[in-house]
Amino acid sequence: MNEKVLVVDDNDANRQMMVDVLVQWGYRVEEARNGRGVMKLVEEFHPDLILLDVMLPGMNGYEICHRLKQDPQTDHITIIMLTVLNDSESRTRGISVGADLFVSRPPNYVEMHKNIESLLINKRKYRRMESLEALCGFLEGLVERLSPSEFARYQKVFGYAKRTAKILGIDDDAQRRMMMGALCCALEQALAETGGASPDLADIVAPLNAAPWVERFAAYQRNPSTVEAEDAVAAVYYVCTRYCERKELGGSDDVVLGDVRKHLVGYSARTSVFEALKQAISDEAFLRHLTGQGEDAAGERPVG
C-alpha cells in the first residue's frame with residue numbers, strides 16, 4: 001500500500017494516536033500541528049488523503065480545506081474533517097468547503113478504516129479512468145490522422161458496441177477498456193495501411209500495463225475460436241464488428257442480423273451479446289422514426 005496520509009491536529013495525544021493507527025494500517029504518514037505549515041507540507045509530501053482537525057490555531061480546518069479544494073493542484077486530495085462538533089451547521093459548512101467526509105470525535109476506528117479504504121479505492125478507480133480517457137483520446141487522434149477510413153469504421157462499430165454494452169449492464173470502466181482495445185486494433189490496421197514494415201500490436205501496446213489484456217482482446221477479434229474464455233467486452237466488440245461488416249453489403253436489419261447469428265451458434269456469451277445488439281438496433285430505429293432522422297445514429301463520434 002503506497003497511499004500517503006497527512007494528519008493535521010494541534011492536540012498531541014490525538015494526533016499521535018491517529019498516526020500510530022494509520023501506520024499499523026499500512027499507510028505512509030506525515031503530521032502537522034497547525035494550519036500554518038500545512039500548505040508547504042502538502043506540496044512536499046503529496047498526500048492522497050488528509051485527516052484534518054477543524055479547530056486549529058492560525059488557520060482553521062475549514063479555511064485549509066477551502067484553499068486546497070480551490071487549487072487545481074490540490075483539489076484531488078481526499079479530505080476527512082475531524083471535530084468534536086456534532087451540529088448540522090458545522091457539517092454543512094464542512095461539506096460546503098469541499099470536505100469528502102465529516103467525522104465526529106472520538107472516532108470509531110473500525111468505521112474510519114472502512115471509510116478511508118472506500119474513499120481511496122474510489123480515488124484509485126478515478127485515476128485509472130482519467131488515465132484511460134487521456135490515452136483513448138490520444139489514440140483516437142492518432143488513428144484519425146493515419147487513416148480516416150479506419151477511424152470511421154472504428155467509430156461506427158464502437159457506437160453499436162457502447163449501446164450494446166449498456167444494455168448488458170457492462171460498467172463504464174469496462175467500456176473504456178473496450179474502447180482502448182478497439183483503438184489499439186484500429187491503430188494496428190491504420191499503421192498497416194501506411195505501407196512499409198509496421199510494428200505489430202504486441203510492440204504497440206508493450207508499454208501499457210494492460211498490454212496482456214489488449215493482446216487477448218485483439219486475438220479474440222481476429223479468431224474468437226482460439227480464445228478459451230470469452231471476455232464480455234471482447235465479445236461485444238466482435239459481434240458489433242460482424243454486424244457492421246455485413247451491413248455494409250446491404251440488406252435489411254433482419255437479413256443482416258440473421259446472417260450474423262449463423263456465426264454465433266454454440267457461443268453463449270456471443271448469443272447474449274447478439275440479443276442485446278438486436279435491442280440496441282431496435283431502439284435506434286425507434287428513435288430515428290420518432291425524430292424523423294434517416295441517418296444512422298451509430299456513426300456519431302463515441303464519447304468515452
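Expressed in Å, the radius of gyration and Dmax of the Cα atoms of region 54-99 are 10.4, 31. Within a straight-line Cα-Cα reach of under 17 Å, K162 can be paired with the following lysines, leaving aside sequence neighbours fewer than 8 residues apart in one chain: K278. Computing FRET efficiency as 1/(1 + (r/R0)^6) for Q279 and N2, where r is the C-beta to C-beta distance and R0 is 41 Å, gives about 0.45.
Three principal axis extents describe the C-alpha atoms of region 81-183; from largest down they are 63, 28, 21 Å. Taking amide hydrogens as placed 1.01 Å from N in the peptide plane, the amide H of E31 sits under 5 Å from those of V7, each at least 5 positions away in sequence or on another chain.
Applying 1/(1 + (r/R0)^6) with R0 = 41 Å to the Cβ-Cβ distance of T271 and A192 gives a FRET efficiency near 0.85.
Rounded to the nearest 20, the Cβ-based charge dipole of the chain about its Cα centre (Lys and Arg +1, Asp and Glu -1) stands at 360 debye. Straight-line cross-link reach from K40 at under 18 Å between alpha-carbon atoms covers these lysines, not counting any fewer than eight positions away in the same chain: K4, K69. For region 113-204, the set of GluC sites (Glu not before Pro) satisfying both a DSSP loop assignment and a count of at most 10 other C-beta atoms within 10 Å is empty.
A dipole drawn for region 103-262 from +1 and -1 charges on Cβ atoms has a positive end, and of V236, V157, N122 the residue lying farthest that way is N122.
For the set F138, F45, solvent exposure ranked by accessible area (probe 1.4 Å, protein chains only) runs largest to smallest as F138, F45. Over region 1-117, with a single point scatterer placed on each C-alpha, what log10 of the ratio I(q)/I(0) does the Debye formula yield at q = 0.15, 0.17, 0.18 1/Å? Computed log10 I(q)/I(0) values: -0.58, -0.77, -0.87.
FRET efficiency for the pair A210 and R91, taken as 1/(1 + (r/R0)^6) with r the Cβ-Cβ distance and R0 = 35 Å, rounds to 0.30. Computed over region 1-132, relative contact order equals 20 percent, with contacts defined as Cα pairs under 8 Å that lie 6+ residues apart. In the list (1) 25.7, 77; (2) 20.3, 69; (3) 18.7, 61, the label attached to Rg and Dmax of the Cα atoms in Å as derived from the coordinates here is (1). Cross-link partners of K262 among aspartates and glutamates, defined as those whose alpha carbon lies under 17 angstrom from its own and excluding same-chain residues fewer than eight positions apart: E245, D253, D254, E275.
The values are calculated or read from the model by the stated rules, or taken from the named source; none is laboratory data. These numbers were taken from a predicted model, which means no experiment stands behind them. As a convention, Cβ positions derive from the backbone with ideal geometry for all residues, glycine included, and neighbour counts pool all protein chains shown. Surface accessibility is based on the protein's heavy atoms, side chains included, excluding ligands, DNA and RNA. Shrake-Rupley method; radii C 1.70, N 1.55, O 1.52, S 1.80 Å.
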